[in-house]
1. What are the residues in the stretch 298-317 that are over 16 Å from TYR70 (Cβ atoms) and part of a strand (DSSP E or B), if any?
2. Across the stretch 198-255, what is the total count of residues that are of a type in the set (Phe, Trp, Tyr) and free of Cβ contacts under 8 Å to residues at least 12 places away in the same chain?
3. Could you please find all residues in the stretch 183-201 being of a type in the set (A, V, I, L, M, F, W, C) and either closer than 17 Å to SER80 by Cβ or surrounded by 19 or more Cβ atoms within 10 Å (Cβ to Cβ) (or both)?
4. For GLU243, work out the one condition from (1) at positive phi; (2) buried (at least 18 other Cβ atoms within 10 Å of the Cβ) it doesn't fulfil.
5. Of the conditions (1) polar (S, T, N, Q); (2) modelled with pLDDT of 95 or more; (3) touching a Leu at 6+ places or on another chain (Cβ under 8 Å), GLN87 fails just one. Which one is it?
6. So for the stretch 198-213 (the condition being under 26 Å from ARG157 (Cα atoms), in a loop (DSSP other than H, G, I, E, B), modelled with pLDDT of 90 or more and within 16 Å of the chain's Cα centre (by Cα)), does at least one residue qualify?
7. Please go through the stretch 246-297 and pick out each residue that is over 11 Å from the mean Cα position of the chain (by Cα), part of a loop (DSSP other than H, G, I, E, B), among the hydroxyl-bearing types (Ser, Thr, Tyr) and surrounded by 18 or more Cβ atoms within 10 Å (Cβ to Cβ).
8. Can you tell me which residues in the stretch 158-170 are free of Cβ contacts under 8 Å to residues at least 24 places away in the same chain and either of a type outside the set (D, E, K, R) or surrounded by 16 or more Cβ atoms within 10 Å (Cβ to Cβ) (or both)?
Amino acid sequence: MVQKGVVVLLLALLAYFLPTFLNISKKFLKNNSEHIFSEVARISYSDLLNSNPDIDPTLLHSMKQYGFFYVVDIPSYNASLELDYLQRFFDLPDHYKLPLAVRKHNPHNVNVYRGYGPVVGNVGTQYKEVFNIGPHETHPPYNDSHSDLQKLRSISRERNVWPNTDNPQFDRDFKSVMKSGFDLRLSIARAIVESISRALDFPGLPALFTEHEFSTLGLRKYPVRKRINSDMYSEFDGVLLKELEHVDSTVTVLSTFNNTGLQMLYKDKYWEAPVSGDNCFIINIGKLIEDITGNQIISVRHRVIEIPETRYSIPFFYNPSFDSDISRSMTGQVTEAGQKYRIFGEWMKDYLPAVEPGLLQQPTPSVSSDNTEQYSTDQLDDTGPLTLARLALD
């Protein structure tokens, strides 16, 4: 009887103290993560845009050590306004969004990459709704060449598509807010490349980005998963993911608002990255910049873990010109990419489908009662690779 009483007492004590213990553990892990990244650089927007050379060593150190840094104190950026229009867009009924869908999801559309992509439920470690915006408002001239490279060049210059709802004021304001967001991030990305070029004494680096046709502002919504299967877990440590583990291509300017879930790989372990908040961007570089700079700065592997709430973010991808030579580094050495590709456009045809399977891999058509092929967003399956050139043809 005494032993039973002791067991009951211990269980009662455990039930009483367990929530406190879990909260302490959560705070400890968060604080530990913040401590890990406490020396990540926070670069003033004003200093960056005014080409202040004093920031170059600090920026370079952070890129060598961590692979990312922050741009802070951005006077012209209203994160709350941007987030509001981002959420309102994704809350639109499907009959407004699906006409904007890329060709994979709407075979009647011309665009392959710029436009809307619905959630695809079985893409494994990627679970998101997307809307991609580029720098172009008119389609490139028609090209009847049979060259895959020319078709890819056309994809890089796709015009933007914009919502056309029963609320014209929303349509105009959404376009204005997102185009301003694109331009702001573009100016920041250019200044970052210039800072890196000064710090490493690579004056030819900015010239690789003269056209930047593939540059993209990506609106992202990560819903809470309704179903789980084994393909949704990290191969690295078994964690359930919303966004696959990957490295970016070149320069990324990221707004996570106040959403958690983004993790960076550091010293063989994933750590929570502090959120960008209301007046700040997270900056990281990708594998190509690492190669082109002769591995003097690092690309950071990152992911988004599953969290019990809808998550929003906006990454901006600043990419080199389509015809930029990526085969050699700034010091003249053959890059890893250069072993297979000569120009950036060739490289993107393989990179983009790998990191955007929900947009750029082959859907499985379902058959309707009238025997015509239909593409259902609930039944999409990404079972086979599809090159960008094939998407442009099909």
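1. Residues of the stretch 298-317 over 16 Å from TYR70 (Cβ atoms): 298-299, 301, 303-312, 317.
Across the stretch 298-317, the qualifying residues are ARG303, VAL304, ILE305, ARG311, TYR312, PHE317.
2. Filtering the stretch 198-255 down to residues of a type in the set (Phe, Trp, Tyr) leaves 202, 209, 214, 222, 233, 236.
Remaining after also requiring free of Cβ contacts under 8 Å to residues at least 12 places away in the same chain: none.
Number satisfying all stated conditions: 0.
3. So the first thing to find is which residues in the stretch 183-201 are of a type in the set (A, V, I, L, M, F, W, C), and the list is 184, 186, 188-189, 191-193, 196, 199-200.
Hits for the stretch 183-201 are LEU184, ILE188, ALA189, ALA191, ILE192, VAL193, ILE196, ALA199.
4. (1)
5. Among (1) polar (S, T, N, Q); (2) modelled with pLDDT of 95 or more; (3) touching a Leu at 6+ places or on another chain (Cβ under 8 Å), GLN87 violates only (3).
6. Step one: of the stretch 198-213, the residues under 26 Å from ARG157 (Cα atoms) are 204-213.
Next cut, in a loop (DSSP other than H, G, I, E, B) only: 204-205, 210-213.
Now drop any that are not modelled with pLDDT of 90 or more, which leaves 204-205, 210-213.
Checking the rest, the ones that are also within 16 Å of the chain's Cα centre (by Cα) come to none.
Taking every residue of the stretch 198-213 in turn, none turns out to be under 26 Å from ARG157 (Cα atoms), in a loop (DSSP other than H, G, I, E, B), modelled with pLDDT of 90 or more and within 16 Å of the chain's Cα centre (by Cα).
7. Correct list: THR250, SER276, THR293.
8. Step one: list which residues in the stretch 158-170 are free of Cβ contacts under 8 Å to residues at least 24 places away in the same chain, which gives 166-169.
ASN167, PRO168, GLN169, listed by residue number.
The values are calculated or read from the model by the stated rules, or taken from the named source; none is laboratory data. Nothing here was measured: the structure is a model prediction, and the numbers come from that model. Cβ atoms come from the backbone with ideal geometry, glycine included; neighbour counts cover every protein chain shown.
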